[in-house]
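The values are calculated or read from the model by the stated rules, or taken from the named source; none is laboratory data. What you see is a predicted model; the values in this text were computed from it and never measured. Glycine gets a Cβ as well: all are built from the backbone with ideal geometry, and neighbour counts include every protein chain shown.
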2 protein chains.
Amino acid sequence: MSQSAPAVPPVIVALRAALGADEVLAGDASPRHLKDWSGVAGGLPLAILRPRSTDELSRMLAICHAHDQAVVPQGGLSGLCGGAVPGAGEVVVSLERMNRIERIDIDSGTVTVEAGAILQNVQEACREAGALLAVDLGARGSCQAGGNVATNAGGNRVIRYGNTRDLVLGLEVVLADGTVLSMMNQMVKNNAGMDLKHLFIGSEGLLGVVTRIVFKLQPLPRGVSTAIVALDDYAAALRFLRHAQQSLSGQVSAFEIMWRDYLQTAVEAGRLRAPLAGDYPVYVLIDMHCGQPDTDARRFEAMLEQAIEAGWILDAAIAQSVADAEAFWSIRDGVAEVLRDYAPTLNFDVSVPVAHIGDCAQRVRANLERDWPQLKALFFGHVGDGNLHVVVCKVPQDHDSLERIEEAVYGVVRDYGGSISAEHGIGLLKKPWLGYSRSAAEIALMHSLKQALDPKGLLNPGKVL
Amino acid sequence: MSQSAPAVPPVIVALRAALGADEVLAGDASPRHLKDWSGVAGGLPLAILRPRSTDELSRMLAICHAHDQAVVPQGGLSGLCGGAVPGAGEVVVSLERMNRIERIDIDSGTVTVEAGAILQNVQEACREAGALLAVDLGARGSCQAGGNVATNAGGNRVIRYGNTRDLVLGLEVVLADGTVLSMMNQMVKNNAGMDLKHLFIGSEGLLGVVTRIVFKLQPLPRGVSTAIVALDDYAAALRFLRHAQQSLSGQVSAFEIMWRDYLQTAVEAGRLRAPLAGDYPVYVLIDMHCGQPDTDARRFEAMLEQAIEAGWILDAAIAQSVADAEAFWSIRDGVAEVLRDYAPTLNFDVSVPVAHIGDCAQRVRANLERDWPQLKALFFGHVGDGNLHVVVCKVPQDHDSLERIEEAVYGVVRDYGGSISAEHGIGLLKKPWLGYSRSAAEIALMHSLKQALDPKGLLNPGKVL
């Protein structure tokens, strides 16, 4: 009895004929395409497509469309919600080969890149040219610009520079049927008809595949002032935020809150030096990007002195060197070690109106202490953006407990009109909770848009909605 | 023969029965609803609806929808493109009664208003509460917040604070069939599914009627530094812009360029004092909102001194008082007197990449001088946003000449990948030129969205598309 090879599906035959074998790998050829940082298990894709150009991607999607073939767009796979994880039998489109930094235009304040460019590479190229690309997040070394756009990535600098959405001037996307939609605007002001790019920003690959981007650049800071500050409670942090924002007139470029538990745990997990001698309920890491370092350092100090004199803050340490500033930031970034030492964790990324973050944290803490007195929960976040992160440590792994812990957090967030996903998107992991932040009418409109742009439902099926 | 009164259309009967006569005026009851600042002539509407609440508006639109009745949303009627002008037999929805400032939340950095609130009233209420609503434009005393959102209004402060779009956190709209879509987000970060509000911002009433808005607030400036600067040419202005932005680290809150012709004409028309002794090719009006007035004034001066020493600017006058600053700004705002003295004018509001504004202005000027040597053309604009305004004075009034002058400007803008409408929108007036800035694929997608959200085509028909 002779054994025949499994039949190659017609869509793969068509793709190989049109594009060549190197652009169309077998689905098991590259295991790293099977999951993202969330660890969510997907299925085995039919193939992995690696276009070298918008034109190639357009032809690929047209063929998939003709064959009713589902497609999952992938960037750097640093997503935390499973938004780029393939389902069984789907086709992965990886943008990794479309990684050119096409043009940095300092006079116009723009950088134009292909979607597969690694964020850090773009940042560095811009810095060398004398400008700041303000999109920035922990995954900068592996995430791709297209993924940043598709998920509207946030980060630590949003308080000053905005989300990725606010930094995108122009976009090129390929629609489900292969149509190339070029919206490569380079101007801050353009009201010539509907601004279509916003449909695609933050839509997690449901409406089109991002292929090229025009980002807006910022003046390159000539210096950074950094301090870590101790406070009594969240109300004091809020007062300090208002004071700092007004005194520095919007130049605050990070304002990271850490409750005592988080700070102590991070210092321990990372074997770090405590930044201040005493022990305080709340800490804030603040910094300011500036343009005249000497004068600006004095303004920053004056702002802190006023806050101490007014009794709004209890203590403060100003970084005297880059090494100091890095040491302060290593506490905030120490979340990586915390997640390692206290695995398995449940990590929340929620937002509520800034005024309510303190109460929200307190209510979540009370819920958790009531029902899981043995669990440790750590609180920190980006106050200016209303963004609270909660890490619940060493959680039980049964589905029922996990769901109840999620309910304990998301229920509070819903009460405050908050968001169950401030930065990370919905993907697969947060789909069950979308209704906590969005109304039935909103979700119905999302379906209408999906229907209008991708009536066959081929782009990233099963995600978000 | 007895004369009977004209029959009242069934849609009006239904509206009056549901809502009362005071909410449903006859179409000729209020002549000011017939045109906007563009002066474009519309037709006589069937009725003018004046809802007092979202619920009333929802019921009105549901009735209009059931009767296939076209509807034109109106704000403060300060639009310059005819976007709110009714067609004959359409129904006007005026938001003027929905003008409440619902809530100013200083801690969360938000103000919540109804769409009919006059912008200046909202600005003043926020200022009194200690925060800045950065949406600002010349029509502030009559334009409405909902109109600002529907047109994504720009203005002089965009270089620092962004367009209206960038300052909207949440929105409530009523869809064509009366569905109320609440997206009243209050957080800077919210990635829980698609961000639907951007569909409606800048869509000029084609997809829904804006009823309530959550705006983001900024720290209230404690002082403003203002200067007027003389330069050799556009290249020098660009160099100076880069220097100022880097030295003041993004705090430049206006950067208005005026070519010599504009400045001289505005000074003459407004009987103003020339701000500098000499006569220079190009002028820039620059200001900075700040938080520590004394220190910040020194930073501002240091920035100017460096620019003079480096030879980037030829002369500069720093405002020593509020009166000085107002005198400088009166030159830029003197456009009103210019438009009066040189009527009829053709006014352009275009944008091109910042690097190309100088060349674009030069090419437009050359086109005009070649074909209409007798016409005076004045150039000024918001450099940081790529936004160039051109006023062509005392233009002939025949359709053919007007179209040829428009072609002389828009043709150049198209060559630079620019926008035929940077701030003012498309409305009726700029519809013929939309294809100069947007591709067939983009316009097709706008039609798809219109079809998805308003399949009967009842909202603001005939505008934009």
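Matching residues to (1) part of a helix (DSSP H, G or I); (2) polar (S, T, N, Q); (3) within 22 Å of the chain's Cα centre (by Cα):
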| site | (1), (2), (3) |
| --- | --- |
| A:PHE348 | no, no, yes |
| A:ASN367 | yes, yes, no |
| A:ARG370 | yes, no, no |
| A:PRO373 | no, no, no |
| A:LEU378 | no, no, yes |
Given the structure, is A:GLY358 under 19 Å from the mean Cα position of the chain (by Cα) and within 11 Å of chain B (Cβ to nearest Cβ)?
no
The one condition A:ALA236 fails out of (1) closer than 30 Å to B:ASN156 by Cβ; (2) assigned by TED's automatic domain parsing to the domain that holds A:GLY291 is (1)
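From the list A:GLU124, A:GLU102, pick out the single residue that is more than 30 Å from A:LEU434 (Cα to Cα), surrounded by fewer than 24 Cβ atoms within 10 Å (Cβ to Cβ) and in contact with a strand residue (DSSP E or B) (Cβ under 8 Å, 6 or more places away or on another chain).
Details: A:GLU124 fails: in contact with a strand residue (DSSP E or B) (Cβ under 8 Å, 6 or more places away or on another chain).
Just a single option satisfies the conditions, and that option is A:GLU102.
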So for the stretch A:49-58 (the condition being touching a residue at least 60 places away in the same chain (Cβ under 8 Å) and surrounded by 21 or more Cβ atoms within 10 Å (Cβ to Cβ)), does at least one residue qualify?
yes
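Just name the residue that is farthest from the chain's Cα centre (by Cα) out of those in the stretch B:170-217 that are of a type in the set (Lys, Arg) and either at the interface with chain A (Cβ under 9 Å from one of its Cβ atoms) or farther than 25 Å from B:ALA66 by Cα (or both).
B:LYS189
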Picked from the stretch A:1-19 (must be outside any helix (DSSP H, G or I) and farther than 16 Å from A:VAL92 by Cα), the residue nearest to the chain's Cα centre (by Cα) is A:VAL8
Quick one: in the stretch A:22-43, which of the residues that are over 26 Å from A:LEU339 (Cβ atoms) and surrounded by 20 or more Cβ atoms within 10 Å (Cβ to Cβ) is modelled with the highest pLDDT?
A:VAL24
Every listed condition ((1) in contact (Cβ under 8 Å) with a residue 12 or more places away in the chain; (2) more than 21 Å from A:LEU241 (Cβ to Cβ)) holds for A:PRO373 save (1)
Among the listed residues B:ASP349, B:ASP359, B:ASP333, which satisfies the condition of being farther than 23 Å from B:ALA153 by Cβ and of a type in the set (Asp, Glu)?
B:ASP359
State which residue pairs qualify: first residue within 15 Å of B:TRP312 (Cβ to Cβ) and in contact (Cβ under 8 Å) with a residue 40 or more places away in the chain and inside the stretch B:240-264, second residue polar (S, T, N, Q) and not in a helix (DSSP H, G or I) in any location, beta carbons under 7 Å apart, and separation of 6 or more residues or different chains.
B:SER247/A:GLN292
Here is a list: B:ALA139, B:ALA134, B:ALA84, B:ALA176. Which entry is buried (at least 20 other Cβ atoms within 10 Å of the Cβ) and either of a type in the set (Asp, Glu) or not assigned by TED's automatic domain parsing to the domain that holds B:VAL210 (or both)?
B:ALA84
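Could you list, in sequence order, the residues of the stretch A:239-280 that are more than 22 Å from A:ALA302 (Cβ to Cβ), among the hydroxyl-bearing types (Ser, Thr, Tyr) and under 23 Å from the mean Cα position of the chain (by Cα)?
Taking the stretch A:239-280 first, the residues more than 22 Å from A:ALA302 (Cβ to Cβ) are A:257-274, A:277-280.
Next, only the ones that are among the hydroxyl-bearing types (Ser, Thr, Tyr) stay: A:262, A:265, A:280.
Within the stretch A:239-280, A:TYR262 is the sole residue that qualifies.
Looking only at the stretch B:441-450, how many residues end up being more than 7 Å from every other protein chain (Cβ to nearest Cβ) and without any contact (Cβ under 8 Å) to a residue 60 or more places away in the chain? Please lay out each step first, then the result.
Of all residues in the stretch B:441-450, those more than 7 Å from every other protein chain (Cβ to nearest Cβ) come to B:443-444, B:447, B:450.
This time we only want the ones that are without any contact (Cβ under 8 Å) to a residue 60 or more places away in the chain, so: B:443-444, B:447.
Count: 3.
For the subset of the stretch A:419-440 comprising residues that are among the hydroxyl-bearing types (Ser, Thr, Tyr) and touching a residue at least 12 places away in the same chain (Cβ under 8 Å), which member is surrounded by the fewest Cβ atoms within 10 Å (Cβ to Cβ)?
Within the stretch A:419-440, the subset among the hydroxyl-bearing types (Ser, Thr, Tyr) is A:419, A:421, A:436-437, A:439.
Now narrow it down to the ones that are touching a residue at least 12 places away in the same chain (Cβ under 8 Å): A:419, A:421, A:436-437.
Values: A:SER419: 27, A:SER421: 27, A:TYR436: 20, A:SER437: 25.
It comes out as A:TYR436.
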Check the stretch B:52-68 and report whether any residue there is assigned to a loop (DSSP other than H, G, I, E, B), within 21 Å of B:LEU175 (Cβ to Cβ) and out of contact with any Lys or Arg (no Cβ under 7 Å at 6 or more places or on another chain).
yes
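Can you find a residue in the stretch A:115-126 that is within 12 Å of another protein chain (Cβ to nearest Cβ) and touching a residue at least 12 places away in the same chain (Cβ under 8 Å)? Before the answer, list the steps.
Start the filter on the stretch A:115-126 by keeping residues that are within 12 Å of another protein chain (Cβ to nearest Cβ), which leaves none.
No, that holds for no residue.
Taking the stretch A:151-162 only, how many residues are within 11 Å of chain B (Cβ to nearest Cβ) and assigned to a loop (DSSP other than H, G, I, E, B)? I'd like the intermediate steps shown before the answer.
Taking the stretch A:151-162 first, the residues within 11 Å of chain B (Cβ to nearest Cβ) are A:151-155, A:158-162.
Among the residues that remain, those that are also assigned to a loop (DSSP other than H, G, I, E, B) are: A:151-155, A:162.
Selection size over the stretch A:151-162: 6.
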State whether the residues of the stretch B:421-440 include one that is facing chain A (nearest Cβ under 7 Å), part of a helix (DSSP H, G or I), over 24 Å from B:LEU137 (Cα atoms) and over 23 Å from the mean Cα position of the chain (by Cα).
no
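Can you find even one residue in the stretch A:386-398 that is in a helix (DSSP H, G or I), surrounded by fewer than 17 Cβ atoms within 10 Å (Cβ to Cβ) and out of contact with any helix residue (DSSP H, G or I) (no Cβ under 6 Å at 6 or more places or on another chain)? Write out each step before concluding.
The initial filter retains those residues of the stretch A:386-398 that are in a helix (DSSP H, G or I), namely none.
Among the residues of the stretch A:386-398, not one is in a helix (DSSP H, G or I), surrounded by fewer than 17 Cβ atoms within 10 Å (Cβ to Cβ) and out of contact with any helix residue (DSSP H, G or I) (no Cβ under 6 Å at 6 or more places or on another chain), which makes the answer no.
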Within the stretch A:285-323, the residues that are outside any helix (DSSP H, G or I), surrounded by fewer than 20 Cβ atoms within 10 Å (Cβ to Cβ) and polar (S, T, N, Q) are A:GLN320, A:SER321
Among the residues that make up the stretch B:278-292, is at least one of them out of contact with any strand residue (DSSP E or B) (no Cβ under 8 Å at 6 or more places or on another chain) and closer than 28 Å to B:VAL392 by Cα?
yes
Please indicate, with yes or no, whether at least one residue in the stretch A:120-141 is in contact with a Cys (Cβ under 6 Å, 6 or more places away or on another chain), not acidic (Asp, Glu) and not in a loop (DSSP other than H, G, I, E, B).
no
Out of everything in the stretch B:218-235 that is touching a helix residue (DSSP H, G or I) at 6+ places or on another chain (Cβ under 7 Å) and either without any contact (Cβ under 8 Å) to a residue 12 or more places away in the chain or at the interface with chain A (Cβ under 8 Å from one of its Cβ atoms) (or both), what residue ends up being surrounded by the fewest Cβ atoms within 10 Å (Cβ to Cβ)?
B:ARG222
For the stretch A:418-465, which residues satisfy the criterion of being touching an Asp or Glu at 6+ places or on another chain (Cβ under 7 Å) and of a type in the set (Asp, Glu)?
A:GLU423
With the condition kept exactly as written, say whether any residue in the stretch A:142-150 is surrounded by fewer than 24 Cβ atoms within 10 Å (Cβ to Cβ) and away from chain B (no Cβ under 14 Å).
yes
